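Participant: This structure is in structure tokens; I'll ask about it shortly.
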Amino acid sequence: MDTTRNVFSVDLLERHAAKGHGVITCMAAGNDAIVLGTSKGWIIRRDFRTNKSYDLDLSAGNKSGEQPAVHRIFVDPGGNHCIAVVFSGGGDVDTYYTHATWSKPRILNKLKGVVVNTVAWNRQQITEACTREIVLGTDNGRLYEMAVDEKDKKEKYINKLYELSELPEAFMGLQMEVASLVHAATSRYYVMAVTPTRLYSFTGIGTLDTVFASYSDRSQRSAAHFAWLSGAGIYHGDLNFGAQHSSSNGDGNFVENKALLSYSKLSDGGGEAVKPRSLAVSEFHYLILTGDNKVKVVNRISENITEELQFDDDASESASSAIIGLCGDATAGLFYAYDQNSIFQVSVQDEGRDMWQVYLDMKAYALALANCRDPFQRDQVYLVQAEAVFSTKDFFRAASFYSKINYLLSFEEITLKFISIDEQDALRTFLLRKLDNLTKDDKCQITMISTWATELYLGKINRLLLEDNKGLNNHSPEYDSIIQEFRAFLSDSKDVLDEVTTMKLLESYGRVDELVYFANLKEHYEIVVRHYIQQGEAKKALEVLQKPAVNVELQYRFAPELIMLDAYETVESWMITSNLNPRRLIPAMNRCSSEPHAKNEPHEVIKYLEYCVHRLLNEDTGVHNLLLSLYATQEDDGALLRFLQCKFGKGRANGPEFFYDPKYALRLCLKEKRMRACVHIYSMMSMHEEAVALALQVDPELAMAEADKVEDDEDLRKKLWLMVAKHVIIEQEKGTKRDNIRKAIAFLKETDGLLRIEDILPFFPDFALIDDFKEAICSSLEDYNKQIEQLKQEMNEATHGADNIRNDITALAQRYAVIESDQGCGVCRREILSVGGLEGVARGYASVGLMAPFYVFPCGHSFHAQCLLARVTQCSNRAQAEYMLDLQKQLSLLSIEATKDTNGLVAEEESLTSMTPEDKLRSELDDAIASECPLCGDLMIREISLPFMLPDEANVSSWDTKPPEFRSSQKTRCVGVS
């Protein structure tokens with residue numbers, strides 16, 4: 001940036017700007033347009049946006065004969081509306097209004113004779129077509145409100161707002177600011193008015209009428225102003241229209257930072273103070289026109305003269321042509337100076353380029369930073385701030401400012417400043433602030449600084465521990481605060497800190513809690529769980545394992561330790577974990593179940609295994625075996641028996657009904673002397689004899705129930721009941737003989753007739769008397785008699801059935817069927833009884849004279865034997881067809897060997913009961929092909945789904961639709977029709 005170039009410069013804009021209409025008397029500018037007033041009553045407008053200009057004669061209606069002159073001219077910031085005050089001859093005063101688009105001005109009749117010295121425009125609400133409300137200040141100390149609409153071509157209204165009564169003076173300057181209120185459909189007005197001796201302010205909410213009406217009944221008061229050419233100097237200040245120290249009616253003081261710039265500062269070499277003739281204000285400077293035709297540029301912040309603008313000697317036609325005044329165009333950001341004949345433009349280039357340095361010299365650091373243009377300028381501001389607070393030993397603030405410097409000082413230089421004075425806390429603050437100012441691209445530097453800050457935190461914690469005398473569990477508030485701050489730092493920096501380095505640091509300083517905290521942040525849950533287990537805090541360890549991000553392998557790894565530490569909480573945690581494999585928890589459950597439990601204490605392992613078996617429907621053999629073993633060790637075998645009787649796999653196809661190992665269960669129950677369970681297992685393994693034998697040692701009733709379970713093997717069932725009977729009779733020998741016999745007889749009744757008295761007699765002693773069994777023996781003999789009678793009846797019925805069968809056989813031999821002489825074969829349609837045609841008859845069939853063998857069915861259909869065989873094999877599957885053809889082949893071979901005469905007739909001497917191999921083959925063939933009529937039975941129904949042309953029929957000539965005389969050959973196809 002070129003800092004030697006001047007900010008302000010003066011150039012001649014136009015010579016002879018009055019165009020022969022007298023000399024320039026006043027000037028105004030707005031929105032890159034200027035309006036001149038001349039001594040002969042002319043208005044000259046130049047619009048630099050459109051490069052157009054026009055002249056308006058305001059003396060056209062003057063009847064006094066004297067030359068009018070333009071006294072004041074006012075232009076709104078948008079450059080559209082213009083008000084001109086004209087002095088006519090004889091002391092008459094007229095006020096004109098003209099628009100940028102008009103060719104003829106309009107006189108404001110209501111202001112006849114009123115000298116308007118200043119105008120305050122409504123800059124916030126003015127439009128191109130309407131001025132909205134504006135305030136006029138007159139030379140007799142009055143304020144008027146007026147509005148002009150371009151369409152109406154006249155003033156809409158002119159109202160008197162206020163009049164100075166205590167000290168009537170001419171109003172020399174006006175400024176108005178309007179702000180719309182957010183929560184109300186109204187506006188807040190702030191009007192500043194200047195007289196030669198005072199500055200007044202008016203503020204309020206509502207309309208201008210209501211604002212000024214509130215001042216009519218109270219004394220006038222003076223206030224500060226942004227910039228005012230007073231007798232002692234330039235009285236200036238800042239305006240803050242957002243100030244909150246105003247009253248509810250909108251009354252308040254919005255001027256701040258008031259100051260007086262003495263004219264003595266404007267003199268050269270400490271000479272006499274020069275009073276300015278005109279003043280213009282820019283964003284950061286005052287443009288002051290002095291009596292020697294110079295414009296001094298004064299920085300309004302530092303109040304120093306930064307530049308001095310001179311007009312060229314030949315710019316004015318004579319030395320007496322002094323610069324009349326200055327005016328500014330706030331919209332375009334331009335300034336103008338004018339004399340009687342010429343217009344000069346004062347240009348501004350990058351006015352705020354050096355303001356950061358101005359504010360910095362004044363130690364206004366916030367404003368200096370706000371006006372910095374590049375990082376180097378900001379570094380200079382931060383450096384000055386840092387050095388200033390460092391010198392006052394405010395090291396923490398210094399660290400904050402040093403952390404923002406990126407270019408003027410290196411990282412090492414700054415850190416050495418704090419190390420050299422042993423300020424570890426300030427150094428830590430600097431590192432933390434430096435981290436905040438680094439970008440994500442500085443990964444290496446971020447990791448290094450974060451690690452260094454970690455070590456500084458650990459050093460601070462250790463120092464506080466050494467200084468703390470309150471004991472291990474009662475620390476100072478500073479210690480608790482630094483711990484919380486350190487943990488927050490670890491949480492924020494977990495992604496940039498090196499894991500191994502950080503954990504070694506925490507371990508070397510003995511900060512186990514922080515090590516666990518950091519491991520939790522980095523999702524090293526194994527370290528966290530191990531720590532909680534060592535501390536005996538099983539519940540916290542289980543809460544860590546329940547996190548979704550924790551690998552399920554940790555559940556299995558720490559299960560033995562956790563269940564020994566707190567079985568209840570561990571089992572509860574397992575039961576709410578959905579992805580656990582209970583089989584992998586068996587070692588932990590075995591370890592827990594090996595310890596003794598109180599009688600009333602619930603066995604947590606059993607609870608979890610029951611949950612797996614009954615709720616999760618687990619089918620793992622190991623899980624079922626472990627649950628069974630735990631049941632077996634309990635004093636009450638009720639749970640064991642219920643578990644053995646549960647059929648967990650019932651209803652599943654091709655699956656077992658239970659999932660435990662029965663052999664293991666049997667060994668375990670025998671070891672634990674759970675005999676009822678052993679009986680059940682024997683029975684389940686179909687070892688009924690062993691089950692009954694063992695049950696007899698426990699409870700005869702149980703043995704009876706086991707014996708009664710056998711239903712499909714009568715002999716085994718009887719054997720089992722004999723075992724029970726023997727045991728019952730032997731056990732009853734202790735009582736009297738008659739009672740024993742009576743009980744034995746009662747036992748026989750329980751067998752439902754399976755055992756009889758003779759079955760149990762061998763179990764009684766040899767010296768038992770027959771009289772004791774008289775009733776039982778008689779009852780048994782009666783039963784035998786009944787059985788014999790029943791057998792006789794069955795034999796008679798069998799004999800009668802045999803006679804019936806023999807009669808049927810005799811009748812069958814005499815059965816016959818009547819065949820008509822013209823009855824045809826169901827396949828070939830030739831007559832069944834026709835003579836000849838034996839050349840196609842298969843061997844093995846008996847022929848009747850010269851006729852071919854045939855079959856006649858009860859339904860009346862008849863077929864040649866060869867045609868029936870062909871029809872059935874054609875409509876059967878391949879295996880059946882091959883079977884029938886093989887039978888025919890075997891029958892033909894046997895027929896050739898056994899033929900003794902030409903007609904092949906069978907010898908009549910053969911009996912019906914003695915069948916030759918040929919007869920057997922013929923019977924099998926008859927059963928295969930003649931079991932049912934092919935036109936009336938199932939074969940006909942199956943033929944419906946067959947295609948008309950089989951896949952092996954490549955020749956389709958049989959389906960030819962041509963007349964018979966055109967057919968080369970005609971083949972008949974066997975099709976099943978009814």
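Participant: Roughly speaking, what is the centre-to-centre gap between the stretch 84-124 and the stretch 408-442 when only Cα atoms are used, to the nearest Å?
Facilitator: Taking the Cα centre of each part, the stretch 84-124 and the stretch 408-442 sit 68 Å apart.
Participant: Given the Cα-Cα distance of E308 and Q124 and 0.36 nm per residue of separation, how much length would full extension add, in nm?
Facilitator: On the way: separation 184, 0.36 × 184 = 66.24 nm, distance 3.39 nm.
Gain in length upon complete extension: 62.8 nm.
Participant: Using a Förster radius of 35 Å, what is the FRET efficiency between Y54 and T210 based on their Cβ-Cβ separation? Nearest 0.05, please.
Facilitator: Values: r = 40 Å, r/R0 = 1.14.
Efficiency, rounded to the nearest 0.05: 0.30.
Participant: Another question, if that's okay. Please go through the residue pairs K40/K294; K540/K607; K40/K151 and name each one whose alpha carbons sit more than 26 Å apart in this structure.
Facilitator: Details: K40/K294 28 Å; K540/K607 22 Å; K40/K151 29 Å.
In this structure, K40/K294; K40/K151 lie more than 26 Å apart at Cα.
Participant: Another question, then. Rounded to the nearest whole Å², what accessible area per residue is found for the stretch 272-423 with the 1.4 Å probe? Before the final figure, lay out the partial values.
Facilitator: Numbers: 7170 Å² over 152 residues.
Accessible surface, normalised per residue, equals 47 Å².
Participant: Could you derive backbone 3J(HN,Hα) for the stretch 280-286 from the dihedral phi with the Karplus parameters 6.51, -1.76 and 1.60 (θ = phi - 60°), listing whole Hz in sequence and x where the residue is Gly or Pro?
Facilitator: Per residue, the Karplus-derived 3J(HN,Hα) values read 9, 10, 9, 5, 10, 9, 9 Hz.
Participant: Using the heavy atoms of the protein chains alone and a 1.4 angstrom probe, what is the accessible area of the stretch 90-155 per residue in square angstrom?
Facilitator: Working: 2820 Å² over 66 residues.
Result: 43 Å² per residue.
Participant: Another one. Which whole-number value in Å² is the accessible area per residue of the stretch 852-898, probe 1.4 Å?
Facilitator: Details: 2430 Å² over 47 residues.
Accessible surface, normalised per residue, equals 52 Å².
Participant: Sticking with this one: Is there a pair in K110/K275; K719/K786; K19/K153; K671/K709; K265/K393; K258/K434 whose C-alpha atoms are over 31 Å apart, and which pairs would that be?
Facilitator: Values: K110/K275 38 Å; K719/K786 24 Å; K19/K153 28 Å; K671/K709 26 Å; K265/K393 37 Å; K258/K434 39 Å.
Exceeds cut-off: K110/K275; K265/K393; K258/K434.
Participant: Label A549 and E657 with points 7 Å out from Cα along Cα→Cβ: what is the distance between them in nm?
Facilitator: It is 5.2 nm.
Participant: In addition: At a Förster distance of 41 Å, what's the computed FRET efficiency of L260 paired with S103, Cβ-Cβ distance as r, to 0.05?
Facilitator: Working from the Cβ atoms, E equals 0.30.
Participant: Count charges around G233 for me, please; just the other residues with Cβ under 13 Å from its Cβ, Lys/Arg as +1, Asp/Glu as -1. Kindly include the intermediate steps, with their values, before the conclusion.
Facilitator: On the way: positive: K258, K265, K275, R300; negative: E303.
Once positives and negatives cancel, what remains is +3.
Participant: Please sort 76-84, 790-798, 692-700, 666-674 by packing, taking for each peptide the average over its residues of neighbouring beta carbons within 10 angstrom, highest first.
Facilitator: Working: 76-84: 22.6, 790-798: 9.9, 692-700: 19.0, 666-674: 17.1.
Answer by packing, highest mean first, reads 76-84, 692-700, 666-674, 790-798.
Participant: Counting only protein heavy atoms and a 1.4 Å probe, tell me what percentage of the stretch 37-148's accessible area is made up of carbon and sulfur.
Facilitator: Details: 2010 of 4510 Å².
For the stretch 37-148, the apolar C and S fraction of the accessible surface comes to 45 percent.
Participant: Extension gain D422-Q484, at 0.36 nm per residue separation less the Cα-Cα distance, in nm? Kindly include the intermediate steps, with their values, before the conclusion.
Facilitator: On the way: separation 62, 0.36 × 62 = 22.32 nm, distance 2.39 nm.
Length difference between fully extended and current span is 19.9 nm.
Participant: Sorted by mean Cβ packing within 10 Å, highest first, what order do the peptides 186-194, 614-622 take? Write down the numbers at each step before the final one.
Facilitator: Numbers: 186-194: 21.3, 614-622: 13.6.
Most protected by this proxy first, the peptides run 186-194, 614-622.
Participant: Something else now. At 0.36 nm per residue, and after removing the present C-alpha to C-alpha distance, how many nm does the segment from E523 to L181 gain when stretched out fully? Walk me through the intermediate numbers first.
Facilitator: On the way: separation 342, 0.36 × 342 = 123.12 nm, distance 5.45 nm.
Taking 0.36 nm per residue and subtracting the Cα distance, the gain is 117.7 nm.
Participant: For a quick protection proxy, order the peptides 164-171, 526-533 by their average other-Cβ count within 10 Å, most packed first. Kindly include the intermediate steps, with their values, before the conclusion.
Facilitator: Values: 164-171: 14.5, 526-533: 20.1.
So the order, starting with the most tightly packed, is 526-533, 164-171.
The values are calculated or read from the model by the stated rules, or taken from the named source; none is laboratory data. Computed from a predicted model, the values in this text were never measured in an experiment. A quick note on method: Cβ atoms are made from the backbone with ideal geometry, for glycine too, and the neighbour counts reach across all protein chains shown. Ligands, DNA and RNA are stripped out before the accessible areas are found, and what is left, the full protein with its side chains, is counted by its heavy atoms. Shrake-Rupley method; radii C 1.70, N 1.55, O 1.52, S 1.80 Å.
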